[in-house]
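Peer 1: I am attaching a structure below and will ask some questions about it afterwards.
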């Protein structure tokens, strides 16, 4: 289910890209600089909007890289505009497009670490469920929350995106 | 991985319960009514705090019920206090405690629907990844965001909870 979950993350990054486009439209309608969004935050000691977008992208990018061993593209965290953030999102979507289910075959038993853990490790299975998945959704939802809090006209359907649904079963003729 | 993911949701509901306890402490320290939190929201047309907590609980409860066929406890959505919300959270944690991996064996191919879909259905696999998982994290993170926005002293570690980490490998003696 790793591959399928990263496909879902890719879809949701695509939804986030649309929120950023809607934010630009809102700024234009209300005559303010769209790039003001990059500094907005919900609490003084929480990451600002730009870093929330960057971290949502990085969580999907680094988790897929760590679980598969495939090298991830580097990003310098220098975005200054909504358009540059959108380019970052698209870059990660393209990276995720390069994976197949086969790439994740050894993911559960991979050994994962990162510099801030000071040598401690996690199994791929634990890292994915306890760290990557909740962090991805945390930053994705915080991006959404900052936009909603600042009057951008997005709603729950823009968060979830299209669902794979089957039509109702036909009612038998009487 | 369904069972493991619901275990992770159960853990995160336990984290949410702690945030609610911290919110009560913050209210006491700042001398305001802790139950004011229930009406707070990030945007005028977004669910208030109480409903965000209820919906995070319901998403975990109803998704596990729909994917396994096990009847879920009913909740009347009548909570008026932080303590009542905490009882709701604990009730869903207890419900999730009753599942085993075996309960989810047919989950991927289950047929899932809900009244608002007007007869449309989703496979269990699609419902879980496209609907249940993103909705659970959406409401969980929004609960966290409303508390952070209102000065409750919680941080990222309170969101993630404890991680299953292995200690650094021993350095060979020289």
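Peer 1: Just to check your reading of the model, which residue among A:47, A:37, A:32 is in a loop (DSSP other than H, G, I, E, B), in contact with a helix residue (DSSP H, G or I) (Cβ under 8 Å, 6 or more places away or on another chain) and either at pLDDT 95 or above or under 19 Å from residue B:42 (Cβ atoms) (or both)? Outline the logic, then answer.
Peer 2: On the way: A:37 fails: in a loop (DSSP other than H, G, I, E, B); A:32 fails: in contact with a helix residue (DSSP H, G or I) (Cβ under 8 Å, 6 or more places away or on another chain).
A:47 is the lone residue from the list that is in a loop (DSSP other than H, G, I, E, B), in contact with a helix residue (DSSP H, G or I) (Cβ under 8 Å, 6 or more places away or on another chain) and either at pLDDT 95 or above or under 19 Å from residue B:42 (Cβ atoms) (or both).
Peer 1: Still on this structure: Name the pairs whose Cβ atoms lie under 8 Å apart, with the first residue in the range A:38-55 and more than 14 Å from chain B (Cβ to nearest Cβ) and more than 13 Å from residue A:84 (Cβ to Cβ), the second modelled with pLDDT of 95 or more and not in a helix (DSSP H, G or I), and 6 or more positions between them or separate chains?
Peer 2: Close Cβ pairs (under 8 Å, with a partner that is modelled with pLDDT of 95 or more and not in a helix (DSSP H, G or I)) amount to A:39/A:48.
Peer 1: Then there's this: Kindly establish whether residue B:13 is within 14 Å of another protein chain (Cβ to nearest Cβ), in contact with a strand residue (DSSP E or B) (Cβ under 9 Å, 6 or more places away or on another chain) and assigned to a helix (DSSP H, G or I).
Peer 2: no
Peer 1: Then there's this: Kindly list the number of the only condition in (1) free of Cβ contacts under 8 Å to residues at least 40 places away in the same chain; (2) under 26 Å from residue B:148 (Cα atoms) that fails for residue A:32.
Peer 2: Here residue A:32 meets the rest and fails (2).
Peer 1: Can I ask one more? Touching a strand residue (DSSP E or B) at 6+ places or on another chain (Cβ under 9 Å) and free of Cβ contacts under 8 Å to residues at least 24 places away in the same chain - does that describe any residue in the range A:71-84?
Peer 2: Scanning the range A:71-84, I find no residue that is touching a strand residue (DSSP E or B) at 6+ places or on another chain (Cβ under 9 Å) and free of Cβ contacts under 8 Å to residues at least 24 places away in the same chain, so the answer is no.
Peer 1: Sticking with this one: Being over 18 Å from the mean Cα position of the chain (by Cα) and more than 24 Å from residue A:153 (Cα to Cα) is the filter here; which residues of the range B:33-60 pass it?
Peer 2: B:33, B:34, B:35, B:36
The values are calculated or read from the model by the stated rules, or taken from the named source; none is laboratory data. Model, not experiment: these values are computed from the prediction. A quick note on method: Cβ atoms are made from the backbone with ideal geometry, for glycine too, and the neighbour counts reach across all protein chains shown.
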